[in-house]
Amino acid sequence: MAVNSTGSDRWYLGSVLWYGGLNNKTGKENQFGFLQSESGAELFFHKSDLVGSQLPEENSPVLFREGVGKHAKPSAYKVHLLETAETADRLVDYFSAFGPEKIYFDGWAQREKVITCFTRAWGKNVVSRLASSGIAPYHLLALFQQRQHSAELFEAIAADKDFNDLIALQISPTVLPRAFIDAHIDQFAAWVKKWTEDHPTPSVVQAALIRKLLGNISLSATLYLAFFNCLPGKTILEHRGSDIEEFILRSFGQNKMAVEQYVREAYPRAFASKADYYRHPVFRDFITPCLLKQKMFRKDFSFVSDIEASPTLSAIPEFFILAKLLPLIGRNDDTVIQSVILHEIWQALLSGQFTAGHPAIFRLFPQCASLQKRFRHIRLSCEAFHWRAKQADGSTENRFLCRSKVCDEPRVLPDLSKAFVDFSIYDWLAHYGMQYLVAGEPSKRDFPIRLAGYFNRIRELFARLCCRSCGLLMVPNMKYSRVEATVWDPESKGFVRRPFQAAYRLTVFKCASHGCEQFNISHYINHCIGYKCSEIIDARDLTEKCDEGRYICTSCGSCCTHHQEKYGNVNNGESEEVKYERIYSGSPYYIP
Ligand SMILES: [Zn+2]
Ligand SMILES: [Zn+2]
Ligand SMILES: [Zn+2]
Ligand SMILES: [Zn+2]
């Protein structure tokens, strides 16, 4: 069928919408079909315009020219199925119509079909045929990036060339293999530095190029770019921040990350001193916490003043708690440590210094997977204690329990073989000499386990301390008790004995917002006193009291020490999930 070319003499790729089928008017097989071009056009094509004897099917990929047919109908001609050796030759013509960076290979719908066409047509000669085909190297490398044959293809194109040679061929550095960039790091870094100078305010497309580049290069190359400030620190951190953090963290332990020799050689050229490196904006925020932990590890108590002097660090519960806790250990008895540290934690939470849900809490008090299954509404830390379970045959089996049920993965045993940057509260306490009464068998009497339990309870309580009328945090009626503690004194850089007013029994809370209808109305909110019960007694939800005037727990039925016979009725045979549903389904805090 006659089709007139519009004069646009490039090739187009597309896929067949339909071809053939029975014609209702004539009762014969159709001799034509329609295809969808990458140009966006829907084009008619006739059987006589098909190259080769094979007939297309729905979705067959095709290479063709666009034109205008009879009655000015937009049509395709010279339609090739992407399967034959001849089509591979035409694909070479197709690519020659485009300059560098004119095809976006990421997400290009035709990419896999084109690769398949070349590999099928040219078989085991595909690499040498492609390299000598006349397709520009910048297209070939981008087309085959992270695909089969990419390494051999790169070898064939770049064997005797360096980084600058390839840039001269208009090859994008984003398609170069990592190892090649590592081998030509100086030229690469110089190119990036120049690029940054030439693009002070990168466009969206330019920013995407840098993102791709940073995503492809090795950690070593990333460090090198940071060392010599070849890119803004912010850009490096945005794309490789987590890798750099891991590199720094591990550099403080035994299990250091391997880097190329050129990074070690560059270090003394980039930094006049260690302090210079510590101050570098790309590394600073990761290094500062590690240096603090190093001080803690060496028991250099100046870390206390460092943390207290930094609003950022003292807003991280991990550092806040360690700064308050570690100096007390070995100088005070457990009761004193407990009242001081609980007081400090309450103060920090109530003043908003850090939030009860801060993720760094779990670096210190690791989360318990077993408790997570039972308590779905809050993430709790492991508070496991050891339990020797008696078996029917009289033998015993070692188990761990979290809140009176089996804990599958206790997280409370110290392991001082790990790097100090990964220490949990249990490792820190052990490092400061606080041991379990029986090694490896923590009990509820051991301070670290009690602390974990208290900390969970404070956080559970805290999750309910919002005024139900105005939503603001309620304040407790504080009762204080006087304790004397030996604490670190930043001024004199030594330990001093100091009296302390520690708040205790924070059980009555009220709204302090003057305009609120709940202003100054007291509510009793506390944990159930029931043995094995972990319910919260919230006077706003409970009405039933015992004859001693104490609220009766909906979960276990406990109320007060006068009615101890009621203790331990936990769950009445209900699962934690059913119980949670029953008690909380009407509450505004209910999470289904
Ligand atoms: Zn646990
Ligand atoms: Zn209120
Ligand atoms: Zn209870
Ligand atoms: Zn009672």
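Does Ala190 satisfy the condition of being of a type outside the set (Asp, Glu), closer than 30 Å to Ser251 by Cβ and either open to solvent by 50 Å² or more (accessible area, probe 1.4 Å) or modelled with pLDDT under 90 (or both)? The answer is yes for Ala190. Scanning the range 9-46 for residues that are β-branched (Val, Ile, Thr) and over 18 Å from Lys113 (Cβ atoms) yields one hit, Thr26. Beta carbons closer than 9 Å, at least 6 apart along the sequence or on distinct chains, pair a first residue in the range 341-362 that is in contact (Cβ under 8 Å) with a residue 12 or more places away in the chain and not assigned by TED's automatic domain parsing to the domain that holds Cys382 with a second that is open to solvent by 50 Å² or more (accessible area, probe 1.4 Å) and of a type in the set (Gly, Ala, Ser) for Ala356/Ala463; Gly357/Ala463.
Is it true that Leu350 is within 16 Å of ligand 1 (Cβ to nearest atom) and among the hydrophobic types (A, V, I, L, M, F, W, C)? Here the answer is no, as Leu350 does not meet what is asked. Scanning the range 20-57 for residues that are open to solvent by 50 Å² or more (accessible area, probe 1.4 Å), in contact (Cβ under 8 Å) with a residue 24 or more places away in the chain, more than 20 Å from His71 (Cα to Cα) and of a type in the set (Gly, Ala, Ser) gives Ser39, Gly52. For the residues Glu260, Glu197, Glu265, Glu245, the requirement of being acidic (Asp, Glu), in contact with an Asp or Glu (Cβ under 6 Å, 6 or more places away or on another chain) and at negative phi singles out Glu260. Open to solvent by less than 20 Å² (accessible area, probe 1.4 Å) and more than 26 Å from Leu35 (Cα to Cα): does that describe Leu130? Judged against the criteria, Leu130 is a match. A single member of Leu63, Leu17 is touching a residue at least 40 places away in the same chain (Cβ under 8 Å), assigned by TED's automatic domain parsing to the domain that holds Ala131 and under 22 Å from Leu143 (Cα atoms), and it is Leu63. As a summary of the residue check, Ser522 satisfies the conditions (1) assigned by TED's automatic domain parsing to the domain that holds Leu371; (2) modelled with pLDDT of 90 or more; (3) surrounded by fewer than 18 Cβ atoms within 10 Å (Cβ to Cβ) except for the one numbered (1). For the range 420-435, state whether one or more residues are at pLDDT 90 or above and open to solvent by 80 Å² or more (accessible area, probe 1.4 Å). Checked the range 420-435: at least one residue is at pLDDT 90 or above and open to solvent by 80 Å² or more (accessible area, probe 1.4 Å).
One residue alone among Cys407, Cys402, Cys368 is within 16 Å of ligand 1 (Cβ to nearest atom), in contact (Cβ under 8 Å) with a residue 40 or more places away in the chain and farther than 19 Å from Leu342 by Cα, and that residue is Cys368. Of the residues making up the range 510-524, just one is under 41 Å from the mean Cα position of the chain (by Cα) and either among the acidic types (Asp, Glu) or within 16 Å of ligand 4 (Cβ to nearest atom) (or both), namely Tyr524.
Considering the range 375-391, and only residues there that are among the hydrophobic types (A, V, I, L, M, F, W, C) and modelled with pLDDT of 85 or more, the residue that is most open to solvent (accessible area, probe 1.4 Å) turns out to be Trp387.
Would it be correct to say that Glu308 is exposed (fewer than 14 other Cβ atoms within 10 Å of the Cβ) and either part of a loop (DSSP other than H, G, I, E, B) or at pLDDT 90 or above (or both)? Here the answer is no, as Glu308 does not meet what is asked. If you scan the range 242-286, which residues turn out to be closer than 26 Å to Ala179 by Cβ, outside any helix (DSSP H, G or I) and open to solvent by 40 Å² or more (accessible area, probe 1.4 Å)? Within the range 242-286, Asn255, Lys256, Met257, Ala258, Glu260 meet the criteria.
Taking residues in the range 290-301 that are under 17 Å from Gly494 (Cβ atoms), and partners anywhere that are open to solvent by 10 Å² or more (accessible area, probe 1.4 Å), the pairs with Cβ atoms closer than 6 Å and at least 6 places apart or on different chains are Phe301/Trp488. Restricting the range 363-374 to residues that are under 23 Å from Glu535 (Cβ atoms) and more than 16 Å from ligand 3 (Cβ to nearest atom), the residue that is most open to solvent (accessible area, probe 1.4 Å) is Lys373.
Residues that are over 22 Å from Val336 (Cβ atoms), open to solvent by less than 60 Å² (accessible area, probe 1.4 Å) and in contact (Cβ under 8 Å) with a residue 40 or more places away in the chain within the range 478-519 comprise Phe509, Cys511, Ala512, Ser513, Cys516, Gln518, listed in sequence order.
So that you can scan it fast, the table gives a plain yes or no per residue for (1) polar (S, T, N, Q); (2) outside any loop (DSSP other than H, G, I, E, B); (3) touching a Ser or Thr at 6+ places or on another chain (Cβ under 7 Å); (4) near ligand 2 (Cβ under 9 Å from one of its atoms):
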residue: Leu461; (1), (2), (3), (4): no, yes, no, no
residue: Phe495; (1), (2), (3), (4): no, yes, yes, no
residue: Phe500; (1), (2), (3), (4): no, yes, no, no
residue: Cys516; (1), (2), (3), (4): no, no, yes, yes
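Of everything listed in (1) in contact with a strand residue (DSSP E or B) (Cβ under 8 Å, 6 or more places away or on another chain); (2) closer than 20 Å to Leu17 by Cα; (3) assigned to a helix (DSSP H, G or I); (4) not hydroxyl-bearing (Ser, Thr, Tyr), the single unmet condition for Leu91 is (2).
Within the range 518-547, if we keep just the residues that are of a type in the set (D, E, K, R) and outside any strand (DSSP E or B), the residue that is farthest from ligand 2 (Cβ to nearest atom) turns out to be Lys532. Is it fair to say Ser339 is more than 16 Å from Ile449 (Cβ to Cβ), of a type in the set (S, T, N, Q) and surrounded by fewer than 16 Cβ atoms within 10 Å (Cβ to Cβ)? Here the answer is no, as Ser339 does not meet what is asked. If you go through the range 197-217 one residue at a time, do you hit one that is surrounded by fewer than 16 Cβ atoms within 10 Å (Cβ to Cβ), outside any helix (DSSP H, G or I) and of a type in the set (Gly, Ala, Ser)? There is at least one residue in the range 197-217 that is surrounded by fewer than 16 Cβ atoms within 10 Å (Cβ to Cβ), outside any helix (DSSP H, G or I) and of a type in the set (Gly, Ala, Ser). Checked against (1) open to solvent by 60 Å² or more (accessible area, probe 1.4 Å); (2) away from ligand 3 (no atom under 16 Å from the Cβ); (3) basic (Lys, Arg); (4) within 28 Å of Phe362 (Cβ to Cβ), Arg459 passes all but a single condition, namely (1).
The values are calculated or read from the model by the stated rules, or taken from the named source; none is laboratory data. Everything numeric here is computed off the predicted structure, so don't read it as measured data. Note: ideal-geometry Cβ built from the backbone for every residue, glycine included; neighbour counts use all protein chains shown. These area figures cover heavy atoms from the full protein model, side chains too; ligands, DNA and RNA do not enter into them. Shrake-Rupley method; radii C 1.70, N 1.55, O 1.52, S 1.80 Å.
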